[in-house]
Amino acid sequence: MLGKKIPTLLALVMLLASVLGGFYWIKNTVPKVSEDERPTQIKITNIADNKFSVSWTTKAPSQGKIEYGLVGEKITLLKGDDRGDNYRGSTHHVSVVNLQPNTQYAFRILVNENARFDNNGTPYAVNTASIINEIPAARSLYGQIEGADENAIVYLSLPGAVPYSSLVKNNGSYSIPISTIRSSDLKQYVSYDPAATIIGLTVDNGLKSSQITVTTQNINPVPTFTLGETKDFRSQIDNAEPVRIAQVEPLQQTPPPTSEQTAAPLNIEPLQNQVNLVESSSYTIGYPAVDGEVISTTKPEFRGTGVKNEVITLAVSGQKSVTDSIRVDAAGNWKWTPALALAIGKQKIVLSYKDSNNVSKTIERSFSISNSSAVAVPAFVASPSASIKASPISNPVISTAAASPRVVMPDTDTEVPTTGVMTPLLLTGAIGFAIVIIGAYLLVL
């Protein structure tokens, strides 16, 4: 009897130890990530036939990479930051190159080599563009940013185009080739007016950001600004015509007046100053920048200026109506993202405020959300933060922080085959099964 009790007690001890050991193993194999290392403001930019870029920010400096592969296959390829594989910072910019045209890729974000982030359980997905044989005439946007270095990223928003991004150099300079940016449907290079198209620039280094508005007429170079400022340079034109000086030719000599004639005095009136006055308002809507602008996300971040510390009311009307009141910040800027996702189609945003005489006034700006671009093309957008799970892909949408500038990420039109890392799950299951079998065997001894 005693001989049977000892193996039974030993089996119970071994079973308990195995269970505790399993819990300890599982706990220590899941990577520990602080909130300061969690990716936010995730953006997909620079989509072409052979590449795309992914960028994000973290509150604390960290190392970031991209883990990518074809949709439906195991995600095993790695690509480090464009500033070097060992770069550590609060901003992260990874360009994946040498890809196949018109192909769907899946990826996850890898932080500090051990923590993987995906889109709330599904890897992110992006489609590369098809090949275009014709190359347009080269044209670039470039400029200088005071107080910026290689930690800053410049994002360009051009109407009807996929977003583009570029790293700032250590001396504060930047350059973006706008002639080869793809259209929203990725089928052609974007079309724009060389003198009148409005371009939005966002600069972010993880600590400060700038919102800049220019036209295609003053991008060579863009007027210099300081990181942290919000500027509208649409009224500034670099290639202004030179001042023309009026030339007065001498009068032909005429015979002096006779006594019968009275010499009329020569009246010379001063020339009127020809000054182009630009009316300005304390309240503006900076994004969308023009009426009818196409936005590539159902949760855009609207931006503008106003009287600092004053309360304004913003309302979006269309298929859905959303209204909210916010306060202009101390720098005279405001940002607002609707709490609800907007519907595809034509919309209108209305800014309501009271002027210095306490008279209610409004500013309106129409825009539309494109069905094709909202699915396949990134733009500024908002959604939840990245999760630390990996599971099958099904129409992913890039996640970003709710209170910061965002960019819409490409979605997929069809269901995506399963992609994920199953090794830890299978290993844990096998160990648990073995523990149960060994425990049962020892109990019957």
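Miscellaneous remarks
- Cβ-based net charge around Gly172, under 14 Å, with every Lys or Arg adding one and every Asp or Glu removing one: -2
- Other residues with beta-carbon under 14 Å from the beta-carbon of Arg182 carry, at +1 per Lys or Arg and -1 per Asp or Glu, a net charge of -1.
- Label separation (Asn133 vs Ser173): 3.7 nm, computed from points 7 Å beyond Cα along the C-beta direction.
- A simple count of charges around Asp49, restricted to other residues whose Cβ falls under 12 Å of its Cβ and scoring Lys, Arg +1 and Asp, Glu -1, yields +3.
- Over the C-alpha trace of segment 78-117, radius of gyration and Dmax come out as 11.6, 32 angstrom.
No value in this document is a laboratory result; all are computed from the given coordinates. Given the structure is predicted, the values throughout are model-derived calculations rather than measurements. Glycine also receives a Cβ, built like all others from the backbone with ideal geometry; neighbour counts cover every protein chain displayed.
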